[in-house]
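The values are calculated or read from the model by the stated rules, or taken from the named source; none is laboratory data. Computed from a predicted model, the values in this text were never measured in an experiment. The protein model used for the area step is the full one, side chains on, heavy atoms only, and it has no ligands, DNA or RNA in it. Shrake-Rupley method; radii C 1.70, N 1.55, O 1.52, S 1.80 Å.
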Amino acid sequence: MTNETVLIRCRNCNTRNRIPVARLQDRPRCGRCKQSFPPISITNRPVMVTDKTFAAEVLESPLPVLLDCWAAWCAPCGAMSPVLDDVARSYAGRLKVAKLNVDQNPATASRYSVMSLPTLLFFRDGQVVDTAAGALPRQEIERYLYRFLNR
Ligand SMILES: [Zn+2]
């Protein structure tokens with residue numbers, strides 16, 4: 001855990017900084033412009049997001065976000081849920097895991113054209129950089145995350 005790093009984009013000069021996860025809470029500064037980053041909240045469990053909180057929680061997140069689009073009636077979503085809980089624990093500080101109930105939050109679901117459930121959307125700096133449809137086993141999610149977090 002102590003050697004892990006995360007890429008954070010500076011809002012002031014747009015430079016991407018590689019920051020040790022262990023230092024995220026110390027208000028690190030940008031290597032180029034020396035402006036300190038806003039507080040970065042670290043959570044080890046999935047965050048529920050809604051149409052109202054989506055922009056703040058996902059689009060503005062300094063950490064990369066894995067968004068799980070799910071519904072209560074979707075059995076594969078339920079099967080994948082404990083896997084995502086576990087991912088949130090393992091990747092705390094490097095990744096935010098967020099969950100969107102598509103029935104209760106149709107605006108966001110339709111904005112991203114979520115057609116099948118579950119759908120995983122990978123956000124970095126407010127943009128979708130990868131998607132995965134259908135329930136995935138843990139090692140497949142790990143493969144996506146490896147690509148996502150190291151690009
Ligand atoms: Zn900067």
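Kindly write out, for region 139-145 in residue order, the coupling ³J(HN,Hα) from the Karplus curve 6.51 cos²θ - 1.76 cosθ + 1.60 (θ = phi - 60°), rounded to whole Hz, with x marking Gly and Pro.
5, 6, 4, 4, 5, 4, 5
Give me the percent of DSSP beta bridges within the chain that run antiparallel, rounded to the nearest 5. Show your work: numbers first, answer last.
On the way: 17 of 27 bridges.
Roughly 65 percent of the DSSP beta bridges within the chain come out antiparallel.
Counting only heavy atoms of protein chains, what accessible area per residue, in Å², does region 49-151 have with a probe of 1.4 Å?
Numbers: 4750 Å² over 103 residues.
With the other protein chains kept in place, region 49-151 gives 46 Å² per residue.
Given a 1.4 Å probe and every protein chain left where it sits, what share in percent of the accessible area of region 23-151 is carbon and sulfur? Intermediate results must be reported in sequence, preceding the final value.
Working: 3380 of 6650 Å².
Exposed carbon and sulfur together represent 51 percent of the surface.
Only helical DSSP H runs with n ≥ 4 go in: add -39500 (n - 2.57) per run for the chain, normalise by residue count and round the 222 nm mean residue ellipticity to 500 deg cm²/dmol.
-7000 deg cm²/dmol
Give a residue-ordered list of calculated ³J(HN,Hα) values for region 75-86 (Karplus: 6.51 cos²θ - 1.76 cosθ + 1.60, θ = phi - 60°; whole Hz; x for Gly, Pro).
Coupling constants for region 75-86: 4, x, 4, x, 5, 7, 4, x, 5, 5, 4, 5 Hz.
Using the Kirkwood radius over Cα pairs, work out the Stokes-Einstein diffusion coefficient for the chain at 4 °C and 1.567 mPa s, in µm²/s as a whole number.
Details: Rh = 15.8 Å.
Calculated translational D: 82 µm²/s.
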